[in-house]
Amino acid sequence: MGRTRNARRRTAGAETVAESVDGGLAQLIPDPDRGRAWTLLIDGAPQSHVDLDDPAHLSFEYQRRLGHVVDLAAPPGKPLRAVHLGGGACTLARYVAATRPRSTQQVVERDARLVELVRRQLPLDPAARIRVRSTDARAGLAKVPDGWADLVVSDVFSGARTPAHLTSAEFLDEVRRVLGPTGVYAANLADGPPLAHLRGQIATAAARFAEVALVADPAVLRGKRFGNAVLVAADGPLPVAELTRRAASDPHPGRVEHGRQLTDFTGGAVPVTDAVAVASPAPPPSVFH
């Protein structure tokens, strides 16, 4: 399909919307199994799934794992102050608003045209305290006051790769500045064999936070295929046992690595700094087909 603005076609009784945004061709494809649910793709790569009737429904595997982190970040129902780096269709911000009413959230999404498309086609609940900023993730983070956030989530991809300046120890210094003493950081990472990027990201987080855990498909951890992994970090204890139980009971069961096992997994990788940071590896074409 060419990059035509507002190109549409009829699918399963609803219209698929395709529109050029700053990051490429955005497509909103209706979910045939759920009445008002949509999948967002950018240049063919799935980015988000949103159910407007049930924002607590998380369809994507990695988004469910991030949802577990949200659920365990504070007692059930307690409002959170959250910063989301990378907006997409604001799936996780909607989830926080639905499961933790009165939460206050900031979404930082660089792609202004994507933000406009999502606002128009998948409008946010006016009652939800969600502020969306169109700027670079690290620049947006720099504007958040010290100690403001209970939760910072990084889910930033440009051309299916995490930009280099969001992979460094200096970036995590900014994350720690923004987090309160009991705050939690979670990042959606993507890598494949030989997992050099993932190991480096774990080593970087371990150099900045007291506790680090990783949730991923066992096949990804064994280096058998390219996939997502969710890194969780905090300066206080992490709910590893409950996170393990929830990940294991997902439709696509995940494994949690923590402590000595996670240290061994890094294989001697060293923390990444701004001076040497590179973008995450591009996924092989087969991942989206």
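Read-outs throughout are calculated quantities, based only on the coordinates presented, and are distinct from any laboratory measurement. Values in this document were obtained by computation on a predicted structure and should not be read as measured data. When we count neighbours, we look across all protein chains shown, and the Cβ atoms used for this are built from the backbone with ideal geometry, even at glycine.
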Practice item. Please report Rg over Rh for the chain, where both radii come from the alpha carbon positions and Rh follows the Kirkwood definition. Key: 0.94
**Study point:** Percent of Cα pairs exceeding the 17 Å cut-off, where the set is segment 10-110
**Key:** 54
Revision key, fill the gap. Kirkwood Rh for segment 80-171 from C-alpha pairs, in Å, is 13.5
Exercise for review: Could you list which residues have their amide H under 5 Å from that of Arg81, counting only those 5 or more apart in sequence or on another chain, with H placed in the peptide plane?
Suggested key: Thr104, Asp150, Leu151
**Study point:** 20 °C / 1.002 mPa s Stokes-Einstein diffusion coefficient of segment 54-115, Kirkwood radius on C-alpha pairs, µm²/s
**Key:** 179
Check your understanding: What percent does the relative contact order of the chain come to when contacts are Cα pairs within less than 8 Å and at least six residues apart?
Key -> 15
Review point. Taking segment 134-213, how much of its Cα-Cα pair set, in percent, is spaced more than 20 angstrom apart?
Key: 29
Check your understanding: Semi-axes of the equivalent ellipsoid of segment 136-289: what are they in whole Å, largest first, if each equals the square root of 5 times a C-alpha gyration tensor eigenvalue?
Key -> 23, 19, 15
Check your understanding: Want the number for Arg161 to Glu116: 0.36 nm per residue separation, take away the alpha-carbon distance, what's left?
Key -> 14.0 nm
Point to revise | With at most 13 neighbouring Cβ atoms within 10 Å, loop trypsin sites (Lys or Arg not before Pro) (DSSP) excluded, longest segment of the chain | key: 144-221
Check your understanding: Under the definition of Cα pairs under 8 Å and six or more residues apart, what whole-number percent is the relative contact order of segment 71-119?
Key -> 43
